[in-house]
Amino acid sequence: MGTDIHGWVECRTWREGLAPGETAWCPALDLAMLGVHRDYEAFACLFGVRDFDARWRHVAADRGLPPDVSEPVRAGLESWGGAAFGTTWLSWADARSVDWDEPALPRATHVAQYHRSHDGTLRLRSPWVWSRAFARAAGINTLTTDPSALAGLWPEGTEWESGTSVFRVERSRRRDAVPPDGSWHPVWTVMGALAGVHGDDGVRLVVWFDE
């Protein structure tokens with residue numbers, strides 16, 4: 001069973017029915033319109049959802065529904081009834097303050113495979129590998145060894161060479177979980193553009209999940 005994300009980008013602004021100079025949160029864009037669907041690494045890194053190995057210091061987990069959320073967004077959440085979980089929100093100010101170079105919590109997270117060229121330089125072939133080729137180089141059985149136990153097997157930086165292949169135990173950074181050119185790029189672009197009008201604290205993303 002998979003986990004899906006739902007939500008809205010909201011802006012705090014004037015709308016019809018408010019007094020002059022008064023503002024309220026208003027729905028701006030359904031998250032589904034921005035092409036974000038199942039992205040488990042981002043769910044874990046940003047919102048603490050599906051972070052089964054507790055790998056991240058979560059950016060915005062379990063904040064609940066903002067008390068001043070717009071009514072259409074509240075109704076959208078309520079339409080899911082008891083199926084919704086992990087409700088939280090993230091302001092553009094929060095997103096701008098993220099250190100995308102911050103590593104996962106102190107443990108190795110994956111094995112990467114590099115190709116060593118004739119001049120000795122390394123070129124990344126696969127950021128995450130758990131293959132028979134790696135099994136032969138490391139001397140383990142990848143069919144019976146759980147990759148989630150990686151941190152207890154070798155320290156970060158451990159390497160094996162096999163021909164022109166180099167396997168290295170590494171630790172993910174936030175930008176690996178949420179690549180700047182990945183599926184969340186449209187979200188940041190829209191929020192940033194709206195913040196140019198409404199301010200960093202006047203734009204937020206409200207999300208919830210279901211399975």
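The values are calculated or read from the model by the stated rules, or taken from the named source; none is laboratory data. Bear in mind that the values here come from a model prediction, so they are computed numbers and not experimental data. Glycine gets a Cβ as well: all are built from the backbone with ideal geometry, and neighbour counts include every protein chain shown. With ligands, DNA and RNA removed, areas are computed over all heavy atoms of the protein, side chains included. Shrake-Rupley method; radii C 1.70, N 1.55, O 1.52, S 1.80 Å.
So that you can scan it fast, the table gives a plain yes or no per residue for (1) outside any loop (DSSP other than H, G, I, E, B); (2) of a type in the set (K, R):
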| position | (1), (2) |
| --- | --- |
| W100 | no, no |
| A108 | no, no |
| H118 | no, no |
| L124 | yes, no |
| W128 | no, no |
| A193 | yes, no |
| G196 | yes, no |
| R204 | yes, yes |
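Residues of the stretch 151-191 that are hydroxyl-bearing (S, T, Y), open to solvent by 40 Å² or more (accessible area, probe 1.4 Å), in contact (Cβ under 8 Å) with a residue 12 or more places away in the chain and more than 17 Å from C45 (Cβ to Cβ): S162, T164. If you go through the stretch 130-140 and pick out every residue that is surrounded by 13 or more Cβ atoms within 10 Å (Cβ to Cβ) and assigned to a loop (DSSP other than H, G, I, E, B), you end up with 3. Can you spot a residue in the stretch 46-67 that is farther than 25 Å from A104 by Cβ and open to solvent by 40 Å² or more (accessible area, probe 1.4 Å)? Yes, the stretch 46-67 contains a residue that is farther than 25 Å from A104 by Cβ and open to solvent by 40 Å² or more (accessible area, probe 1.4 Å). Of the residues making up the stretch 33-68, those that are within 16 Å of the chain's Cα centre (by Cα), of a type outside the set (D, E) and part of a helix (DSSP H, G or I) are L34, Y40, A42, F43, A44, C45, L46, F47.
Does V207 fit the bill of being at pLDDT 90 or above and under 23 Å from the mean Cα position of the chain (by Cα)? Taking the combined requirement at face value, the residue satisfies it. Here the stretch 106-125 is the region considered, the condition is being farther than 25 Å from A54 by Cβ and small (G, A, S), and the residue that is surrounded by the most Cβ atoms within 10 Å (Cβ to Cβ) is S117. Considered as a group, the residues in the stretch 32-43 that are open to solvent by less than 50 Å² (accessible area, probe 1.4 Å) and in contact with a helix residue (DSSP H, G or I) (Cβ under 7 Å, 6 or more places away or on another chain) include one that is nearest to V9 (Cα to Cα), and that residue is L34.
Tell me which residues, restricted to the stretch 69-98, are surrounded by fewer than 12 Cβ atoms within 10 Å (Cβ to Cβ) and either basic (K, R) or assigned to a loop (DSSP other than H, G, I, E, B) (or both). Selection gives S79, S97.
Search the stretch 7-24 for residues being part of a strand (DSSP E or B) and more than 12 Å from L205 (Cβ to Cβ), and hand back the single one that is most open to solvent (accessible area, probe 1.4 Å). Working first, answer last.
Going through the stretch 7-24, the residues part of a strand (DSSP E or B) turn out to be 7-13, 24.
Add one more test, that the residue is more than 12 Å from L205 (Cβ to Cβ), and what stays is 12-13, 24.
Numbers: R12: 91, T13: 39, A24: 19 Å².
Within the stretch 7-24, the match that is most open to solvent (accessible area, probe 1.4 Å) is R12.
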